[in-house]
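Here the structure is laid out as structure tokens; the discussion comes afterwards.
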Protein chains: 4
Amino acid sequence: MSVTDPERLREIVEEICDAMTAETERGRVADYIPQLADVDPDQFALALVLPDGAVIAGGDADTRFSIQSVSKVFALAVALGRVGDALWNRVGREPSGDPFNSIVQLEHERGIPRNPFINAGAIAVTDAILARSEPREALGQILQFVRFLAGDDDIAIDPAVAKSETASGWRNAALANFMRDFGTIQRHPDKVLGTYFHQCAIAMTARQLAHAGRFLAFDGSLSPGGSRAIAPRMARQINALMLTCGHYDGSGEFAFRVGLPGKSGVGGGILAVAPGRAAIACWSPGLNAVGNSHLASIALEMLADRTGWSVFAANS
Amino acid sequence: MSVTDPERLREIVEEICDAMTAETERGRVADYIPQLADVDPDQFALALVLPDGAVIAGGDADTRFSIQSVSKVFALAVALGRVGDALWNRVGREPSGDPFNSIVQLEHERGIPRNPFINAGAIAVTDAILARSEPREALGQILQFVRFLAGDDDIAIDPAVAKSETASGWRNAALANFMRDFGTIQRHPDKVLGTYFHQCAIAMTARQLAHAGRFLAFDGSLSPGGSRAIAPRMARQINALMLTCGHYDGSGEFAFRVGLPGKSGVGGGILAVAPGRAAIACWSPGLNAVGNSHLASIALEMLADRTGWSVFAANS
Amino acid sequence: MSVTDPERLREIVEEICDAMTAETERGRVADYIPQLADVDPDQFALALVLPDGAVIAGGDADTRFSIQSVSKVFALAVALGRVGDALWNRVGREPSGDPFNSIVQLEHERGIPRNPFINAGAIAVTDAILARSEPREALGQILQFVRFLAGDDDIAIDPAVAKSETASGWRNAALANFMRDFGTIQRHPDKVLGTYFHQCAIAMTARQLAHAGRFLAFDGSLSPGGSRAIAPRMARQINALMLTCGHYDGSGEFAFRVGLPGKSGVGGGILAVAPGRAAIACWSPGLNAVGNSHLASIALEMLADRTGWSVFAANS
Amino acid sequence: MSVTDPERLREIVEEICDAMTAETERGRVADYIPQLADVDPDQFALALVLPDGAVIAGGDADTRFSIQSVSKVFALAVALGRVGDALWNRVGREPSGDPFNSIVQLEHERGIPRNPFINAGAIAVTDAILARSEPREALGQILQFVRFLAGDDDIAIDPAVAKSETASGWRNAALANFMRDFGTIQRHPDKVLGTYFHQCAIAMTARQLAHAGRFLAFDGSLSPGGSRAIAPRMARQINALMLTCGHYDGSGEFAFRVGLPGKSGVGGGILAVAPGRAAIACWSPGLNAVGNSHLASIALEMLADRTGWSVFAANS
């Protein structure tokens, strides 16, 4: 049976928050830039937004964190809104079977990234957005879109994070230059990377992120029958990509264990979607071996188990 | 809105069958063995089994075809029933990003196939079943399980297909020997391959296959609240694997376009699952570039569009 | 200055034998079959045959060892004698940049092995020999050729080694089946492998092996101006392949350090060639990380340093 | 027999020049920058410098061309002179089995290029030179070394070529950023690439290049017993690397056909070495499928055949 009673959901969220707070094995915080390395690993947050707009939140749900690759979902929606299906000429829709920053696949497939949720793919998506706007303007549009989705203007880019990423992002620079060579991206790599790193540096709370994810839970609208952000078909497509590709080389495992579309970021956040039931944000800074939040992955598995929200269950 | 009215579903199935019959581009029939090469490419079938057991079928729904890799779903269920989660010690759960018969991934990951739905993975699953049974007995068990699922004892292995596969299956022999070298499979490759090729040679009609797929649509049972074939959790897990890995290197595309768990075979069949709504079998012999049925893929996309059954839609 | 004085050469060989006997780090003996695993790691042999036929030998130069992959040189000469340059339609001539038994390269290059000295390439060479002879006859021809080259009929195949290899050669069976799938080999893999494993099981002493290598040192003849075994051009070509591909993924290193064409085997033997100066056999059972004899590699570097025989030196 | 008579050599060079001039199939001129694309494909040059300093030259031996990757030989010698064997901590010595600009190998081997003659390796060598000098100074040193080797101060960098390379060198930028991420290079990629592109833009005539190659033909000295440029052991090592890695994925083929250490450049030049006999430069702008000069490869094969200079021949 699928759980819809808010009281029961509140209990479940509390149980999960308690269990996660008690966990001693918390994964390993990303340390490639000081702004991420310095985050307190003992934090945990879980937030749900239900169809009626009710919010169920627990833990550090009002603490901001760097959403990092979760931003790829929002940038993808912006790019699809701009260039439509032409986007798929330069980015694929298949899981990669490789780490998030692999360049091997790019060489084997002549510069076309496998999907928009690995780094190369997200950089190509950013380049598509830049086809019609300069970096500052493009960033403004992505940020405005996120604020609109979340219904909250108090969301911003952390400039220190963006600066650190830019200074140390050699691997992403390699990917961008490589794709520039193949023509997958058309603007100068430095310009695309600057935009990309700033987009990844958006900081949000779990509560804000759950709100920003509503459009994927409710067929493209901010609530069932509410304001439309994107077309229903596009929402389904983004959910499909999140399910098959949203956790890098742990995507199959997440689908197997949790059964919900989700997108993780190296800051420890995961945005998950239970279509028709809830938009979900979970956050804990420590990462597992494939780069996804260790505790957020476990917490979402518990949530799916207890709510029956897996998209693969009959009673969904 | 999700369609549940049988009359409307009957109309939809008819429309799809008509459209597919009219299609001139039908893909390319597999030709590596004469038994597949000789199949008439103009055939098409679509069959649905609803929660109440009602069947909606169109086209050549009573013509037998070689289910080939669709059998991997049934073998996986049998193996999980036998060895449980220990199976995952030798087979992964991640999409592969490679063709169905690639050996590259095996070398890079020390003989562990990425998932049970690529050939190497399915061969490893067969070896797990053989851990407790000799080939003849193991095949009997797989076949009995399929007959039980379909509620139909008139399902059999086509010995001519099995023989042809064995005689020409060099690539699969390479995979099996390679995994034997790494210890992923423990019995002699010839024994494992013999069993595997026979299992792939099961012949069924679309109507039978749809029935055999009910256990995945209804949380492990043959109907909602009916006889249990496997545990609900296992049904969800198999569905997740079908969604992420069921169409080889076209899995992401199928999830993106159709949004239903599915498993294809080189004989042109696809078993698809709309959890809680229907078990679906579709068949047309011609294949697309990545080895999945060309028309069955299109037909299932039409079905999902018109029914709203995508697992990624809110109104599911 | 290049050393040619036999007395000085004798001193050098003695010094090297003394140094190698004193070495405590001796590498690791191959242990995948008992017949190799049981060989005493403390053995070492070095043997030179000069243009005038004089032999300078030290250490265990009269102890037989399994020549294993050194046999690939002799099989290549036999195959070229049979099918000529047509052989190169199915085997390349480029170094592989991969371990000796990698299957990755084969998939990327559609079943054509990079060169005749990796396992896949040698199996393809054996298949070429079998184009005109049954296995028993083909083996007889290879063995006769080696006996002729060595001028010694007391050279034989060790049947226990061949049997063990056959029983455990899963990786080579994978390579053979893979190439059979691509059509690179045309006979049944079992037949080709049987021949291949027997050819690798030829046992020789270092003294015999050095004699058998004369044809490569003297432009295809057993001595300068003596009986011709193969054409001079073919001897140069085989030397070139030995230099670029003779030590698997340690070929570049051997060329860099030693500067002589050479071919190693997992039994610990290395056949090396100083064109115009000497045929050289060196043997010690322990292997280094890339599968070449640890001490034989060091000994040949010492020999090249002291004799000035590197093909890359002006005074050669 | 090895040819040493200058009159016979002169005849051979003339025959080759005549044959090459008559060739209609001339390969394809590199066209990724206009400065290379605009070179007249009908040009051909061959120049030999003998031990006594005599020069035998034919064709367009006094026309400058962009030496491009041939410069990697000179940069390697400079770097080894600076940091010695420590250079090998960040560059390997094995053939790559990949195109000159592949990034796949770098990812598989954690950022360490296989050898100093693929682009990634040469960029790492340039970074080593920059460890102790700023770009301008480093370039000055490389250029001075080449002038010293050639005994000719009239050798310069073509600034238009360097500028074009910099503007379009996305693939090399990807390699440099990738290695920067792994720590293989330590300076900013832009700085390393600027130096690298200028070094590749050295322009020389075939006559000058043959003189510049003498140090490799004569054990590190400009003539037998003459001024020493590098140690004899280092000259042998560079020759070994040229033989195993000097022609990208055509290195094995060049060794097989020509049998001389050589290094090619995309400008159509090849520097080849017959140790003790001659330094050889050959040039023709059209390239073959693996990126080496089509006619220069053929011409050097003819030269080796007619002179008997292969390092793999007994009478060498």
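Report those helices (runs of 4 or more DSSP H) wholly inside the range A:193-301 carrying at least 2 residues which are farther than 29 Å from B:GLY262 by Cα. Talk me through it step by step, then tell me what you get.
Numbers: elements: A:206-212, A:214-217, A:232-245, A:251-257.
Per the criteria, A:206-212.
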Residue identified as within 7 Å of chain A (Cβ to nearest Cβ), in contact (Cβ under 8 Å) with a residue 24 or more places away in the chain, surrounded by 24 or more Cβ atoms within 10 Å (Cβ to Cβ) and in contact with a helix residue (DSSP H, G or I) (Cβ under 6 Å, 6 or more places away or on another chain) among B:SER284, B:SER251: B:SER251
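Just to check your reading of the model, which residue among D:GLN105, D:GLN141 is surrounded by fewer than 18 Cβ atoms within 10 Å (Cβ to Cβ) and either assigned by TED's automatic domain parsing to the domain that holds D:ASP181 or assigned to a helix (DSSP H, G or I) (or both)? Talk me through it step by step, then tell me what you get.
Working: D:GLN105 fails: surrounded by fewer than 18 Cβ atoms within 10 Å (Cβ to Cβ).
Of the residues listed, the single one that is surrounded by fewer than 18 Cβ atoms within 10 Å (Cβ to Cβ) and either assigned by TED's automatic domain parsing to the domain that holds D:ASP181 or assigned to a helix (DSSP H, G or I) (or both) is D:GLN141.
Tell me, please, whether a residue that is free of Cβ contacts under 8 Å to residues at least 60 places away in the same chain and basic (Lys, Arg) can be found in the range A:125-141.
Filtering the range A:125-141 for residues free of Cβ contacts under 8 Å to residues at least 60 places away in the same chain gives A:125, A:128, A:131-134, A:136-138, A:140.
The next check asks that each one be basic (Lys, Arg); those that pass are A:132, A:136.
Yes: one or more hits.
Have a look at C:ASN119, C:ASN177 and point out the one that is more than 14 Å from chain D (Cβ to nearest Cβ) and more than 20 Å from C:HIS247 (Cα to Cα).
On the way: C:ASN119 fails: more than 20 Å from C:HIS247 (Cα to Cα).
Going through C:ASN119, C:ASN177 in turn, just one is more than 14 Å from chain D (Cβ to nearest Cβ) and more than 20 Å from C:HIS247 (Cα to Cα): C:ASN177.
Could you count how many residues in the range D:144-166 are open to solvent by less than 70 Å² (accessible area, probe 1.4 Å) and either within 16 Å of D:ALA201 (Cβ to Cβ) or not in a helix (DSSP H, G or I) (or both)? Even if it seems obvious, please write down each step before you answer.
Filtering the range D:144-166 down to residues open to solvent by less than 70 Å² (accessible area, probe 1.4 Å) leaves D:145-147, D:149-152, D:155-158, D:160-162, D:164-165.
Now drop any that are not either within 16 Å of D:ALA201 (Cβ to Cβ) or not in a helix (DSSP H, G or I) (or both), which leaves D:145-147, D:151-152, D:155-158, D:160-162, D:164-165.
Looking only at that region, the number is 14.
Out of the residues in the range C:19-59 meeting the condition of being part of a helix (DSSP H, G or I) and without any contact (Cβ under 8 Å) to a residue 40 or more places away in the chain, tell me which one is nearest to C:SER221 (Cα to Cα).
First pass over the range C:19-59, keeping only residues part of a helix (DSSP H, G or I): C:19-22, C:34-37.
Add one more test, that the residue is without any contact (Cβ under 8 Å) to a residue 40 or more places away in the chain, and what stays is C:21-22, C:37.
Values: C:THR21: 33, C:ALA22: 36, C:ALA37: 36 Å.
Among residues in the range C:19-59 that are part of a helix (DSSP H, G or I) and without any contact (Cβ under 8 Å) to a residue 40 or more places away in the chain, the one nearest to C:SER221 (Cα to Cα) is C:THR21.
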Residue within the range A:297-316 that is within 11 Å of another protein chain (Cβ to nearest Cβ), without any contact (Cβ under 8 Å) to a residue 12 or more places away in the chain and of a type in the set (Asp, Glu) present: yes
Filter result for C:ARG132 (among the basic types (Lys, Arg), in contact with a Lys or Arg (Cβ under 9 Å, 6 or more places away or on another chain) and buried (at least 19 other Cβ atoms within 10 Å of the Cβ)): no
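Could you tell me whether any residue of the range C:214-232 is crowded, with 24+ Cβ neighbours inside 10 Å, touching a residue at least 24 places away in the same chain (Cβ under 8 Å) and among the β-branched types (Val, Ile, Thr)? Full working, then the answer.
Taking the range C:214-232 as the starting set, the residues that turn out to be crowded, with 24+ Cβ neighbours inside 10 Å are C:214-219.
Those still in the list that are touching a residue at least 24 places away in the same chain (Cβ under 8 Å) too: C:214-219.
The next check asks that each one be among the β-branched types (Val, Ile, Thr); those that pass are none.
The answer is no; no qualifying residue exists.
For the structure I just gave you, tell me whether D:ARG110 is at pLDDT below 95, of a type outside the set (A, V, I, L, M, F, W, C) and open to solvent by 10 Å² or more (accessible area, probe 1.4 Å).
When the stated conditions are applied, D:ARG110 passes them.
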Residues being of a type outside the set (Lys, Arg) and open to solvent by 20 Å² or more (accessible area, probe 1.4 Å) - total across the range D:292-313: 6
Qualifying residues in the range A:213-248 (those that are touching a Lys or Arg at 6+ places or on another chain (Cβ under 6 Å) and under 18 Å from A:GLY81 (Cβ atoms)) - the one farthest from the other protein chains (Cβ to nearest Cβ): A:LEU222
Among the residues listed as A:GLY111, A:GLY53, the single one being over 19 Å from A:MET242 (Cβ atoms) and outside the structural domain of A:VAL146 (by TED's automatic domain parsing): A:GLY53
Criterion: within 12 Å of another protein chain (Cβ to nearest Cβ) and farther than 29 Å from C:PHE256 by Cα - qualifying residue of D:GLY169, D:GLY183: D:GLY169
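If only one of D:VAL78, D:VAL125 is among the β-branched types (Val, Ile, Thr), over 24 Å from A:GLU107 (Cα atoms) and within 19 Å of the chain's Cα centre (by Cα), which one is it?
On the way: D:VAL125 fails: over 24 Å from A:GLU107 (Cα atoms).
Only one candidate qualifies: D:VAL78.
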Residues of the range A:277-314 that turn out to be more than 26 Å from A:LEU222 (Cβ to Cβ) and polar (S, T, N, Q), as a count: 4
Test: B:ARG171 is open to solvent by 20 Å² or more (accessible area, probe 1.4 Å), over 18 Å from B:LEU76 (Cα atoms), in a loop (DSSP other than H, G, I, E, B) and not assigned by TED's automatic domain parsing to the domain that holds B:ALA37: no
Scope the range A:254-270; condition open to solvent by less than 10 Å² (accessible area, probe 1.4 Å) and among the basic types (Lys, Arg); matching residues: A:LYS263
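How many residues are more than 16 Å from A:TRP283 (Cα to Cα), in a helix (DSSP H, G or I) and in contact with a helix residue (DSSP H, G or I) (Cβ under 6 Å, 6 or more places away or on another chain) when one looks only at the range A:1-18? Walk me through how you get there before you give the answer.
From the range A:1-18, those more than 16 Å from A:TRP283 (Cα to Cα) are A:1-12; that's our starting set.
Filter once more, so that each one left must be in a helix (DSSP H, G or I): A:6-12.
From what's left, in contact with a helix residue (DSSP H, G or I) (Cβ under 6 Å, 6 or more places away or on another chain): A:12.
Number of matching residues: 1.
Condition check: in a helix (DSSP H, G or I) and crowded, with 24+ Cβ neighbours inside 10 Å. Does C:ALA122 satisfy that?
Details: in a helix (DSSP H, G or I): yes; crowded, with 24+ Cβ neighbours inside 10 Å: yes.
Considered against the rule, which asks whether it is in a helix (DSSP H, G or I) and crowded, with 24+ Cβ neighbours inside 10 Å, C:ALA122 comes out as yes.
Can A:LEU193 be described as buried (at least 20 other Cβ atoms within 10 Å of the Cβ) and facing chain D (nearest Cβ under 8 Å)? Step through it out loud before you land on a result.
Working: buried (at least 20 other Cβ atoms within 10 Å of the Cβ): yes; facing chain D (nearest Cβ under 8 Å): no.
So A:LEU193 fails the test.
The values are calculated or read from the model by the stated rules, or taken from the named source; none is laboratory data. Just so it is clear, the model here is predicted, and its values are computed rather than measured. Positions of Cβ are backbone-derived with ideal geometry, glycine not excepted, and every protein chain shown enters the neighbour counts. Just the protein is used for accessible areas: all its heavy atoms, side chains included, with ligands, DNA and RNA removed. Shrake-Rupley method; radii C 1.70, N 1.55, O 1.52, S 1.80 Å.
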